[in-house]
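Take a look at the structure below.
The values are calculated or read from the model by the stated rules, or taken from the named source; none is laboratory data. Quick caveat, the model's predicted, so the values are computed rather than measured. Positions of Cβ are backbone-derived with ideal geometry, glycine not excepted, and every protein chain shown enters the neighbour counts.
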Amino acid sequence: MLIKQKDYINFALIGCGRISEKHVNAIKQTPKTKLIAVCDVQEEKAKALASTLQCEAYSDYKEMLKKDDIDIIDICTPNGMHASIAIDVANAGKHVLLEKPMALTVEDCDRMMKACKDNDVHLFVVKQNRFNPPITKLREAIERGRFGKLVLGNVTVRWARPQDYYDLDEWHGSRDMDGGMLFTQASHHVDMLQWMMGPVHSVKANVATLTHNIETEDTAVVVIKFKNGALGVVEATTCTFPKNMEGSITILGEKGTAKIGGMAMNKIDHWEFSDFRNEDENTKECTTNPPNVYGYGHNEVIRHVVDSLLHNGPMVGGVGGEEGRKSVKLIEAIYESADTGKEVFLD
Ligand SMILES: NC(=O)c1ccc[n+]([C@@H]2O[C@H](COP(=O)([O-])OP(=O)(O)OC[C@H]3O[C@@H](n4cnc5c(N)ncnc54)[C@H](O)[C@@H]3O)[C@@H](O)[C@H]2O)c1
């Protein structure tokens, strides 16, 4: 669906917390956009942000949905609210942009996609790491078949979140609103592994809560079989002492080996292929050094969303519902395997 007869997109935002700054800056820096309203249940947060942006402030998003001139609503609320808010937004006839994870269950993903389809609106999910320059390069190498037969894919998330982080509010570490470390921290990496290696056949997992007082896991180890026969490993924790150490993806194939490391998959640590090409010379130029694990990708996500709405441009990083659903399905299977102690098959 295209927004016709418009040369700009009116955004509104729900949830004026930590990640909202990335969204606000990205919207401000993207041509042909306006941020015309913001909402937070903590009214003072909405008012403070609205006054810097000179836009309207709301404390009830259902009131904000009555505004006719909003084209798309950017949802930055806790994970467990994504589904119900997105469905309300779609039913109000507005396009939906959601922070990751899309939802905490596949059933919710399906309800969201149905609501968007029924109302003829788009659903975009933020996966900003797909825009990291080293990741773009890795994806190109996969698409060109440079690895030959894929052998092993690994993602490692060795991040540190002190108990204070979980104690700051009620939702972090809770079963119903956070979902778990795999949803809140590692979902970028789980998404990346299946994006690079292809559809998953089965998973076998162990999860544990080791150093935090929270309802969900803080550590997980997963063994994956991909449909193409390759194997994979997810190793993820928020218990790393004393600070973030690594957020990486490593792909091993018959004819190539690559590791994208750094704190959030933004640095080429290893790059070697049997068919050496000129583009293999400049791997250092590809490396970015963002000040935090959120990276620089939100700007690209918003740019692609706007391009997609105005010109039907291709969606790469602010992916659609089908892509967002894949990592939710995989994480749901991981939890089922950890609960039952059995290998879980995805189809
Ligand atoms: N892409 C990334 O790298 C990245 C990084 C951090 C967080 N996130 C995601 O962004 C979302 C928000 O995370 P955060 O760290 O900003 O959380 P946060 O707790 O700092 O902010 C959430 C805000 O939503 C508000 N809120 C809650 N319920 C609401 C409602 N019904 N209506 C309006 N406002 C409501 C809260 O008052 C709060 O201000 C989460 O889904 C999280 O997983 C993504």
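What to note about this one:
- Residues satisfying the stated conditions in segment 14-53, i.e. in a loop (DSSP other than H, G, I, E, B), of a type outside the set (A, V, I, L, M, F, W, C) and in contact with a strand residue (DSSP E or B) (Cβ under 8 Å, 6 or more places away or on another chain): Gly15, Lys32, Asp40
- For Glu322, the stated conditions hold: it is closer than 24 Å to Val106 by Cα, modelled with pLDDT of 90 or more and more than 16 Å from the ligand (Cβ to nearest atom).
- Residue among Asp178, Asp164, Asp191 that is assigned to a loop (DSSP other than H, G, I, E, B), at negative phi, of a type in the set (Asp, Glu) and within 15 Å of the ligand (Cβ to nearest atom): Asp178
- Any pair with Cβ under 6 angstrom, 6 or more apart, that starts in segment 22-33 at a residue that is surrounded by 13 or more Cβ atoms within 10 Å (Cβ to Cβ) and ends at one that is polar (S, T, N, Q): Ala26/Asn299; Ile27/Thr33
- Note on segment 100-158: residues that are within 16 Å of the ligand (Cβ to nearest atom), within 27 Å of Ala230 (Cβ to Cβ) and among the aliphatic types (A, V, I, L, M) amount to 5.
- The condition of being among the charged types (D, E, K, R) and either touching a residue at least 12 places away in the same chain (Cβ under 8 Å) or within 23 Å of Val234 (Cβ to Cβ) (or both) does not hold for Lys114.
- Sole residue being in the same structural domain as Val306 (by TED's automatic domain parsing), more than 11 Å from the ligand (Cβ to nearest atom) and among the β-branched types (Val, Ile, Thr), chosen from Ile27, Ile19, Ile75: Ile27
- Of the residues Ile249, Ile214, Ile224, the single one that is within 19 Å of Lys329 (Cα to Cα), more than 13 Å from the ligand (Cβ to nearest atom) and in contact (Cβ under 8 Å) with a residue 24 or more places away in the chain is Ile224.
- Those residues of segment 67-83 which are surrounded by fewer than 18 Cβ atoms within 10 Å (Cβ to Cβ) and either within 25 Å of the chain's Cα centre (by Cα) or touching a residue at least 12 places away in the same chain (Cβ under 8 Å) (or both), in sequence order: Lys67, Asp69
- In the set (1) more than 18 Å from Leu231 (Cα to Cα); (2) basic (Lys, Arg); (3) surrounded by fewer than 21 Cβ atoms within 10 Å (Cβ to Cβ), the condition left unmet by Arg161 is number (3).
- With respect to the stated conditions, Lys259 is touching a His at 6+ places or on another chain (Cβ under 6 Å), surrounded by 16 or more Cβ atoms within 10 Å (Cβ to Cβ) and closer than 20 Å to Leu138 by Cα.
- Residues that are buried (at least 24 other Cβ atoms within 10 Å of the Cβ) and either farther than 17 Å from Asn299 by Cβ or touching a Lys or Arg at 6+ places or on another chain (Cβ under 9 Å) (or both) within segment 10-21 comprise Phe11, Ala12, Ile14, Gly15, Cys16, listed in sequence order.
- Members of segment 252-291 found to be away from the ligand (no atom under 16 Å from the Cβ) and among the polar types (S, T, N, Q), listed by number: Thr257, Ser274, Asn278, Asn282, Thr283, Thr287, Asn289
- Residue check for Thr237: crowded, with 21+ Cβ neighbours inside 10 Å and either over 22 Å from Asn132 (Cα atoms) or among the β-branched types (Val, Ile, Thr) (or both): yes
Conditions tested, residue by residue: (1) under 25 Å from Arg139 (Cβ atoms); (2) of a type in the set (A, V, I, L, M); (3) over 19 Å from the mean Cα position of the chain (by Cα).
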{"position": "Met197", "(1), (2), (3)": "yes, yes, no"}
{"position": "Ala208", "(1), (2), (3)": "no, yes, yes"}
{"position": "Val221", "(1), (2), (3)": "no, yes, yes"}
{"position": "Gly229", "(1), (2), (3)": "yes, no, yes"}
{"position": "Ala236", "(1), (2), (3)": "yes, yes, no"}
{"position": "Cys239", "(1), (2), (3)": "no, no, yes"}
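- Among residues of segment 78-93, those that are within 15 Å of the ligand (Cβ to nearest atom) and not in a helix (DSSP H, G or I), counted: 2
- Scope segment 194-242; condition hydrophobic (A, V, I, L, M, F, W, C) and part of a helix (DSSP H, G or I); matching residues: Trp195, Met196, Met197
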